[in-house]
């Protein structure tokens, strides 16, 4: 019985080892027979180990049997029993772990078998592909042999095949050279790109240098202007101090006189002193005797030449037209160097048409409207008028002067800053075409002595100013330029003495030209006429270019140009010389002066000036083209005016 139990124990000890060994052998890729042999060997070892262990246990059991018989050792056996139980439980836990390990290995075995199946399928596929490739190689080998036979045949039939091979070698050599050249070209292109980049950097550097130069010139100009302004301010301050001293001295004298003045003295007495000593007995001219406006101008030019003066015909036409359109362009400015006849032309014109002439000599100290119109002296209780306000007052009070033209000349008007003394008055002039322009001046307590309209600016008053171009004068602002026509007197082509003729009255008018007769030559533009439509195209195109340069013009300038061109003497259609001359006049008087001081070094400005030059060239006036090209020279646009030859 004991031997049977020991045999069973050995089998129980060897079975787990046998199973685990088989699984491990299969995982390591061994076949079933080898796995079984390995497992049996391992199991035998385990059984042998178990037999040894079992022998030891048997010996121990024999001792225990002896001890059992020994009542004295019974307690010791009871003490060892828990240890044996613990060892039994420990062996049971190991058995469970071995069972779990066996299950895991079985699963891994299944996975390996599945992978083995896929590998077998891939191997079969590779074998098939290998067969296909062998067949393809056989076909290619046959083709190669056929080609070699064909080459051999060609070598026999065509002994020049060596030359062909030489040519092929030459072609290969040329292709190599081509590749080398392409490489060199690519290198040169890379160098060119680098040089272009350096060129761009150089342009940017030049632009920066140019900008800095322009900025330096601008700052230098500002410094010079500030220095000139400082000197002017110092001069004005000195004049004001002297004026203050004189006024204080006069105040003392006037105060003494005031104590002796009788109450019935008229504060407006100085306004009533006769301004024009000329006898007004002349009658209005019989206009039908003047054949046309063209004939009028022809006779006027003859009269000028008879008195020994010479002015270009276009300049006279521009002056006459500018006077006609003073309803929309309220001022005519005659600009140029001193001694070119700027002051003589208005006087000759006024004398020829029998108009009253009023000369105002502008002073450098003028800085307010009072210098132009006068002021009320509270110390003397008298209004101190200027010839202008005196003429306006007497004209409105004199029936014999009604509808007679009065030509007012502001001589050297830019000796003082025009905006200071003339801006407010110019705004009044501009309103005359819509409603009466009444002057608002300080008359102390004299308003009760004035009638309504006594200080209204008559529409019969035509205003002309002269400007010398030198370092002592001021420039005109855009406000004045937009409301004026600036006519330039150029350098005379030939210097000559005044040599009047003996008979100079043949072409004179027998009477005076009334304002109503003068305005009969005035034409109102028709919006849909071909002339106005063509002007609209020209001006819109020009204004687009001007806007690109930051100097656009608006409705006032547009309307002024339309009125001027339509009313130019001899105007018939857009193909006439009159149209070309009139449009060129307005480019020189209204548009190009807006570009003064424009920095023209910028590429976009140059492009827009080229576009503007194209428009000017299409007008076809050589004088305008020459003046425009001269103004473009230098860093800034220096417009000197349109000079007539």
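Details
- Once the chain from residue 625 to residue 138 is taken as fully extended at 0.36 nm per residue, the excess over their C-alpha distance is 166.3 nm.
- Cα centroid separation, segment 321-374 to segment 598-637: 31 Å.
- With all projection directions averaged, the alpha carbon convex hull of segment 160-260 covers 11.5 nm².
- With Cα atoms defining each centre, segment 187-216 and segment 377-441 are spaced 60 Å apart in the structure.
- For segment 527-580 versus segment 300-319, the gap between their alpha-carbon centres in whole angstrom: 26
- Peptides 324-335, 133-144, 234-245, 541-552, ordered by how many other C-beta atoms sit within 10 Å of their residues on average, highest first, read 324-335, 541-552, 234-245, 133-144.
Every number in this text was worked out from the coordinates using simple rules, so none of it is lab data. Only a predicted model underlies this, so the values are computations on that prediction, with no experimental measurement involved. All Cβ positions, glycine included, derive from the backbone under ideal geometry; neighbour counts span all protein chains shown.
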